[in-house]
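Structure, as structure tokens:
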Amino acid sequence: MAPVTRFAPSPTGFLHIGGARTALFNRLFARHHGGVFRLRIEDTDKQRSTPEAIEAILEGMRWLGLDWDDEVVFQSARAERHREVALELLEAGKAYRCYATPEELKEMRERARAEGRPPGYDGRWRDRDPADAPEGVPPVIRFKAPREGEQVIEDLVQGQVTVANRQLDDMIILRSDGSPTYMHSVVVDDHDMGITHVIRGDDHLTNAFRQRQLYEAMGWPVPAFAHIPLIHGADGAKMSKRHGALAIGAYRDEGYLPEALRNYLLRLGWGHGDEEIISDAQAVEWFDVGDVGKNPARFDFAKLDNLNAHYLRQRDDESLTALLEVRRTARGESGFTELQVERLLAGMASLKQRAKRLDDLESAAEVYLVDPPIAYSDQAKKLLTPDALSHLAGLRALLEASGWEREELEATTRQFAEEISDPPLKLGKVAQPLRAAITGSKVSPPIFEVMEILGRKSCLERLDSCLNGANFS
RNA sequence: GUCCCCAUCGUCUAGAGGCCUAGGACGCCAGCCUUUCACGUUGGUAACACGGGUUCGAAUCCCGUUGGGGACGCCA
């Protein structure tokens, strides 16, 4: 039977990096086994769920390239069905009404803790006569969990994990307002959606035991579980949603490519021999959830950057130019002119070799985007000593008559430095100030390439403005 | 407090009793390439948490210690 997996985020925050990895693994597992990957939005908490968050999650999934099958299931739309199952359990004597007040519950927990017992509900309404029900108190419905024995889960990642039933209390499946709780909805939905493999974060492991009890009470087949370890921050602390730039959109904004993030996330907790650069097709072919490690991984931006740089170099120049334009218009600035596009396309090959992220690429691309007079960095100014400026003045005269292919430009500059200049100079002595004058920066792509792309007119303009106006020393 | 899980270079990992004087990648350091920066390339640094077993032999199996993490809501 082909497996059916699902990613089931709750829209109380944005899609974060841990959720993205969970979704990735679910998708890869399904694709690998020729199964189905579904998406369910767990929006049963009406107070905290927002339409913005739902949209952000869907957008994050799409951006990351995590396409899902079938329609998105909204848990809130299924409340009636959840209630129906809860009532069925009540009818069958596998659940009961409980009238305990929040104060009583709190006290129970405190006492249990003080006495060294597992904290939780003590079952005081479990076998009580319904006639004892207090007037006017709406009850919750609790699941009558087995008290003896144990729950054994054969987790695909964690291995066999056992918990004694006495550790688990009678959980609420229907709130006093009649709405279903998460623990209950998940089981009903996973069953109804035909989920065969529940792949989710390690933080749900203990939930699995309770959920297993419910499956059994309903006589439903228990799905396979795979609880994958959580991602930790660089400091080893857990990566909470509050930890700053962790929403998936933040990675996009900082200039990470979805394929780089996918590759990075895949290698967190999973490996395939010595493979580091793994294409989507290879990922589908190689990935199996059983190979996921049990130890939590720390998030390392340096490695992500390295992967991102790799995929940046891999991208074609057109798509990179388009990406740059999108970033720009997203800030409310105008798109590129024809000339700018022409220059970017010509220069992209060496530009992308120098960038780790799109924002690096963007600032490196500035050379081709600004009009003179250009701004000079402090380091560029340092390069433009009186001596250097006089060299540039000499070079300018030769440039006037030089061919403008990069090789010709280099030959001209070399000729000036090594033959005309007295005493002779090393190429760098002239090329560096030239770079500063043309680009306003100490670093850039090969200067003769930049000059070729910029064209004669623009370069001489920049040179003149540097030579005339400026006093850099 | 109760229960559960984890433990190989700084980080991600390979390793399923001899192939391990522990491999790869990122980072870091150095060399080469070079008009800068990068790319590329060559080399280097660096780990089996600790203590007991089991075994002819343990990073790999068992137990304990320590250290990390997670779960214990009418949240999901």
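The values are calculated or read from the model by the stated rules, or taken from the named source; none is laboratory data. These numbers were taken from a predicted model, which means no experiment stands behind them. Every residue, glycine among them, receives a Cβ derived from its backbone with ideal geometry; neighbour counts consider all protein chains shown.
Among the residues of the range A:404-432, those that are surrounded by 13 or more Cβ atoms within 10 Å (Cβ to Cβ), closer than 17 Å to A:Ile447 by Cβ and of a type in the set (Gly, Ala, Ser) comprise A:Ala411, A:Ala417, A:Ala431.
For the structure I just gave you, tell me whether A:Lys381 is in a helix (DSSP H, G or I), within 16 Å of RNA strand B (Cβ to nearest atom) and at pLDDT below 95. Judged against the criteria, A:Lys381 is a match.
Taking each residue of the range A:195-206 that is more than 12 Å from A:Gln158 (Cβ to Cβ) and looking for partners that are among the basic types (Lys, Arg) with beta-carbon atoms closer than 8 Å, six or more apart or interchain, yields A:Ile195/A:Arg6; A:Ile195/A:Arg38; A:Val198/A:Arg6. Here the condition is being among the charged types (D, E, K, R) and in contact with a helix residue (DSSP H, G or I) (Cβ under 7 Å, 6 or more places away or on another chain); of A:Glu150, A:Glu135, A:Glu154, it holds for A:Glu150 alone. Taken together, A:Asp70, A:Asp43 contain a single residue that is buried (at least 19 other Cβ atoms within 10 Å of the Cβ) and either without any contact (Cβ under 8 Å) to a residue 24 or more places away in the chain or assigned to a loop (DSSP other than H, G, I, E, B) (or both), which is A:Asp43. Note on the range A:297-343: among residues that are aromatic (Phe, Trp, Tyr) and at pLDDT 95 or above, the one that is nearest to A:His232 (Cα to Cα) is A:Tyr311.
Looking across the range A:337-392 at every residue that is without any contact (Cβ under 8 Å) to a residue 24 or more places away in the chain and within 30 Å of A:Leu261 (Cα to Cα), the one that is surrounded by the fewest Cβ atoms within 10 Å (Cβ to Cβ) is identified as A:Ser363.
When we screen A:Lys442, A:Lys429 for residues that are out of contact with any Pro (no Cβ under 6 Å at 6 or more places or on another chain), within 10 Å of RNA strand B (Cβ to nearest atom) and touching a residue at least 60 places away in the same chain (Cβ under 8 Å), the only hit is A:Lys442.
Counting just the residues of the range A:9-23 that are under 12 Å from A:Leu66 (Cα atoms) and more than 10 Å from the chain's Cα centre (by Cα), which one comes out surrounded by the fewest Cβ atoms within 10 Å (Cβ to Cβ)? Checked the range A:9-23; the qualifying residue surrounded by the fewest Cβ atoms within 10 Å (Cβ to Cβ) is A:Thr22.
Selection of the range A:121-149 for residues being within 9 Å of RNA strand B (Cβ to nearest atom) and either at pLDDT below 90 or over 29 Å from A:Pro223 (Cα atoms) (or both) yields A:Val137, A:Pro138, A:Pro139. Of all residues in the range A:122-150, those that are over 20 Å from A:Val85 (Cβ atoms) have Cβ atoms under 7 Å from Cβ atoms of residues that are modelled with pLDDT of 90 or more and of a type in the set (S, T, N, Q), 6 or more apart or on another chain, in A:Arg147/A:Asn165; A:Glu148/A:Asn165; A:Gly149/A:Asn165; A:Glu150/A:Thr162; A:Glu150/A:Asn165.
All of (1) surrounded by fewer than 10 Cβ atoms within 10 Å (Cβ to Cβ); (2) in a strand (DSSP E or B) hold for A:Gly116 with one exception: (2).
Would you pick out the residues in the range A:151-187 that are near RNA strand B (Cβ under 9 Å from one of its atoms), farther than 25 Å from A:Val289 by Cα and in contact with a strand residue (DSSP E or B) (Cβ under 7 Å, 6 or more places away or on another chain)? If the condition is that a residue be near RNA strand B (Cβ under 9 Å from one of its atoms), farther than 25 Å from A:Val289 by Cα and in contact with a strand residue (DSSP E or B) (Cβ under 7 Å, 6 or more places away or on another chain), then A:Ala164, A:Met171, A:Ile172, A:Leu174, A:Arg175, A:Ser176, A:Pro180, A:Thr181, A:His184 are the ones that fit. The set of residues from the range A:85-102 being in a helix (DSSP H, G or I) and over 15 Å from A:Ser176 (Cα atoms) comprises A:Val85, A:Glu88, A:Leu89, A:Glu91.
Checked against (1) surrounded by fewer than 16 Cβ atoms within 10 Å (Cβ to Cβ); (2) within 18 Å of the chain's Cα centre (by Cα); (3) free of Cβ contacts under 8 Å to residues at least 40 places away in the same chain, A:Glu216 passes all but condition (2).
Within the range A:10-40, restricting attention to residues that are part of a loop (DSSP other than H, G, I, E, B) and at pLDDT below 95, the residue that is nearest to A:Val284 (Cα to Cα) is A:Leu15. Set side by side, the residues A:Ile231, A:Ile277, A:Ile248 differ, and just one is within 13 Å of RNA strand B (Cβ to nearest atom), of a type in the set (Val, Ile, Thr), under 23 Å from A:Lys356 (Cβ atoms) and within 16 Å of the chain's Cα centre (by Cα), which is A:Ile231. Just a yes or no: is a residue in the range A:450-463 within 9 Å of RNA strand B (Cβ to nearest atom) and either at pLDDT 95 or above or among the acidic types (Asp, Glu) (or both)? Scanning the range A:450-463 turns up at least one residue that is within 9 Å of RNA strand B (Cβ to nearest atom) and either at pLDDT 95 or above or among the acidic types (Asp, Glu) (or both). Checked against (1) away from RNA strand B (no atom under 13 Å from the Cβ); (2) farther than 19 Å from A:Ile173 by Cα; (3) in contact with a strand residue (DSSP E or B) (Cβ under 9 Å, 6 or more places away or on another chain), A:Lys94 passes all but a single condition, namely (2). Taken as a whole, the condition of being hydrophobic (A, V, I, L, M, F, W, C) and under 41 Å from the mean Cα position of the chain (by Cα) applies to A:Leu28.
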